[in-house]
Amino acid sequence: ALAGDAHASNLIAVELGAVDHLLAAANEEGELLGRRRRLLEAARQMLLESSAAVTLDSAGMDARRRYLAKEIARIDRLEAAGLAPDVALTHQAREALSRGERQRLHAAVVAMQGPALARGDVQTAMLARRAMNALWNAGDPRDHAARQLSSRRSAEEVFGEGFGKVVEDAYARARARYAFGGDSAEVEAAKTYFLRSGELQTVSAALAVDGCFETGGALTPARIMERQTHARAVRFPTKDLVLLPATQPDEIADAVIEDPRRVVLDLAAGRLLARRFVQDEAVERPRVVMKGEVRVYVLDGSGSMIGPRARVRDALLLAELATLRKRVEEHGKHSRVVLFYRYFDTTPRPITRVTTAAEVDAAMVDVLSTVRTGGTDIEAALHSSIQIIRSATDADPDLSHAHIVLVTDGESPVEGARVIAARDAALGAMPIGMSVIALGQENTALRAIVAKQRANGERAFYHYVPDDMLGDIVGGEMDEGPAIHLPEVSQEEQTPEKLDALLGSVVEEMAALARHREVEAMEALGTREAAEEELGLASQESMTEGEKARARALHRDRLSLVDQFDRWFPKPAGDSTAEPTADAEEVTVVLATIAEVLDAVAGSDLARRADAIDLLERLLPDARVSPARWREVTAGRCTKSVAQGLTAVRFAAKAD
């Protein structure tokens, strides 16, 4: 029994270890913000799934949760400041320098400095520090006032111009509204909730929520069979006859000839028309489309939420509304997103439906300018929300997915079996997801509901955020990094000539360092590796398998990377029916973990293969499986579970 417990603990350690390995890989990604974000989001998803399966150390969970929230939110701000996710930061820095884009250059330098410090890259960190010192002159990028000003500018960039004014106007309206009295409980709560610092706290929370929470996508991919009809020119008779430009000499026999002397010239010039019959052909092909999703935010409006809990609750909905507004402005009625929200206490409050920009504006004012007090009845709110989804899908069948986001502090009993039964009765097999965001206090019944949904393969998440972290979120203390934005300077200081004189040499040093490392990487793949192999040396400076894979992906060395991937993840034989062997279960867990990560990280097929090799090398020591043993277990007629794992990884890596 003890041996079995130790074995199970080892398998859990492999799954949990993937989170830290993803964090390490994200820190090592110093050039591409997009890949760094994907690694961090994959780590967050793995952390959520692990915490749903087993009870984890609270201190370790809190540290990882905070780090992920800070880093993802910071990438949001960097991209909103003008940085492209899939272009190397050194290239963007040089481009910004040549164009005189002072703010974008500073953002690129900030983006490079953080990961460099985390991975101990002294050279890059020092160059970034020199660049920041030059840009700030005598200023301090970590000054509290500078960071607050940068946060306000980020809010305008992330959520749209005028976002800060919307928040300020809503708070001003609330102060005027509650100044005339009313219900004593509400007035007393309003005195503390609508303090002058409330606007800044709300903006800080709105910037943090994307990093803190995963609530599912507003548009979800679905695979459909698309049938299209194409007209094809044929030589045999059909019901339709058309004239088409002749392109070959053998078409002259069917051509409409006006002047025989000009036939060859007209054919060469594309003016000669030939009779062609047309046949309609139906072609079916699979296509991934984005399906609309019914979004229902169910928000706890009880008195126990007043304070940072309510601030984060409202900021979460505010960020969702701002995102919806952008989508509506870009795609209009084709955005295909319907958002409902309702607050509840002892009874569910009226439901609000949001689909247009005008409705978004009205909803923002309602969310921000109302203080809410009362008791809590979570179960009643969930039951009524399920009925709302049923009504929405009856009216519009295209809204074929649904997602409930429940935000609460959990101070209410919930009978999970009744909630699930009500959902099944109302919606049947409709893929409805439910995410729970527990603020300040856990709710085991809600956690069990989410766990059951996840076990059924549905998209659901359970987040718990303790009160101390909520305080840091609204206080703007989650991100202690330097300001992303520079103080404004005169137009003369913005010229490319001025900027080049100030920072040209430093930026070129950064670019030269990046090129030098790329050259070193390719040499390690070639000459040095071959020489060491020939001499029988095992230099400690040799690249790891993961480093080789990343270098090959970077330089589009497809053949070498495909060969390397196939060595570590061979295509299983058709008759994989071997008996289970030692280490087979560990290998299966590692394969399942890698497949899950690849699905979350996404990227090109080369990037996926490189990530698979890199993660495998990190996970093998955790699983206590040697590389040689891995090759034995995965080669030839492996066990059925190992074969399924290899197939899953190869599918996720787009290798088959």
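List of remarks:
- Any hit, region 180-190, residues being free of Cβ contacts under 8 Å to residues at least 40 places away in the same chain, crowded, with 19+ Cβ neighbours inside 10 Å, in contact with a Phe, Trp or Tyr (Cβ under 7 Å, 6 or more places away or on another chain) and on the phi < 0 side of the Ramachandran plot: no
- Scanning region 74-93 for residues that are surrounded by 16 or more Cβ atoms within 10 Å (Cβ to Cβ) and part of a helix (DSSP H, G or I) gives Arg74, Ile75, Asp76, Arg77, Leu78, Glu79, Ala80, Leu89, Thr90, Gln92, Ala93.
- Residues that are among the basic types (Lys, Arg) and in contact with a Lys or Arg (Cβ under 8 Å, 6 or more places away or on another chain), drawn from region 140-192: none
- Hits in region 626-638 - residues which are open to solvent by 10 Å² or more (accessible area, probe 1.4 Å) and at pLDDT below 85: Ala635, Gly636, Arg637
- Residue in region 339-390 that is farthest from Gly198 (Cα to Cα), counting only those that are among the aromatic types (Phe, Trp, Tyr) and within 28 Å of the chain's Cα centre (by Cα): Phe340
- Only one of the numbered conditions (1) surrounded by 12 or more Cβ atoms within 10 Å (Cβ to Cβ); (2) at pLDDT 70 or above is violated by Asp250, and that is (1).
- Taking every residue in region 149-174 that is closer than 18 Å to Arg196 by Cβ and pairing it with any residue that is outside any helix (DSSP H, G or I) and of a type in the set (Gly, Ala, Ser), at least 6 positions away or on another chain, the pairs with Cβ-Cβ distances below 8 Å are Leu149/Ala483; Ser151/Gly476; Ala170/Ser369; Tyr171/Ser369; Arg173/Ser369; Ala174/Ser369.
- Check on Ala96, surrounded by fewer than 22 Cβ atoms within 10 Å (Cβ to Cβ) and touching a residue at least 12 places away in the same chain (Cβ under 8 Å): no
- Qualifying position, being at pLDDT 80 or above, of a type in the set (Asp, Glu) and surrounded by fewer than 18 Cβ atoms within 10 Å (Cβ to Cβ), among Glu442, Glu411, Glu415: Glu442
- Odd one out for Gln103 among (1) among the polar types (S, T, N, Q); (2) at pLDDT below 90; (3) open to solvent by less than 50 Å² (accessible area, probe 1.4 Å): (2)
- Restricted to region 430-439, and to residues there that are open to solvent by less than 40 Å² (accessible area, probe 1.4 Å) and not β-branched (Val, Ile, Thr), the residue that is nearest to Met305 (Cα to Cα) is Leu439.
- For region 159-169, the count of residues that are open to solvent by 10 Å² or more (accessible area, probe 1.4 Å), in contact with a helix residue (DSSP H, G or I) (Cβ under 8 Å, 6 or more places away or on another chain) and farther than 23 Å from Ala206 by Cα is zero.
- Exactly one residue out of Ala573, Ala595 is part of a loop (DSSP other than H, G, I, E, B) and either modelled with pLDDT of 70 or more or under 26 Å from His91 (Cα atoms) (or both): that is Ala573.
- Residue that is nearest to the chain's Cα centre (by Cα), among those in region 264-318 that are under 30 Å from Ser391 (Cα atoms), part of a strand (DSSP E or B) and at pLDDT 75 or above: Arg295
- Some residue of region 461-471 being more than 30 Å from Ala402 (Cα to Cα) and loosely packed, with under 15 Cβ neighbours inside 10 Å: yes
Per-residue answers, yes or no, for (1) closer than 18 Å to Val597 by Cα; (2) part of a loop (DSSP other than H, G, I, E, B); (3) at pLDDT 85 or above; (4) not basic (Lys, Arg):
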| site | (1), (2), (3), (4) |
| --- | --- |
| Ala3 | no, no, no, yes |
| Ala6 | no, no, no, yes |
| Asn10 | no, no, no, yes |
| Ala13 | yes, no, no, yes |
| Ala18 | yes, no, no, yes |
| Ala24 | yes, no, yes, yes |
| Arg36 | yes, no, yes, no |
| Glu41 | yes, no, yes, yes |
| Arg44 | yes, no, yes, no |
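- When Trp136 is tested against (1) buried (at least 22 other Cβ atoms within 10 Å of the Cβ); (2) aromatic (Phe, Trp, Tyr); (3) over 25 Å from the mean Cα position of the chain (by Cα), only condition (1) is not met.
The values are calculated or read from the model by the stated rules, or taken from the named source; none is laboratory data. Please read these numbers as outputs of a predicted model, since none were measured by experiment. Positions of Cβ are backbone-derived with ideal geometry, glycine not excepted, and every protein chain shown enters the neighbour counts. Ligands, DNA and RNA are excluded from the accessible area calculation, which covers all protein heavy atoms including side chains. Shrake-Rupley method; radii C 1.70, N 1.55, O 1.52, S 1.80 Å.
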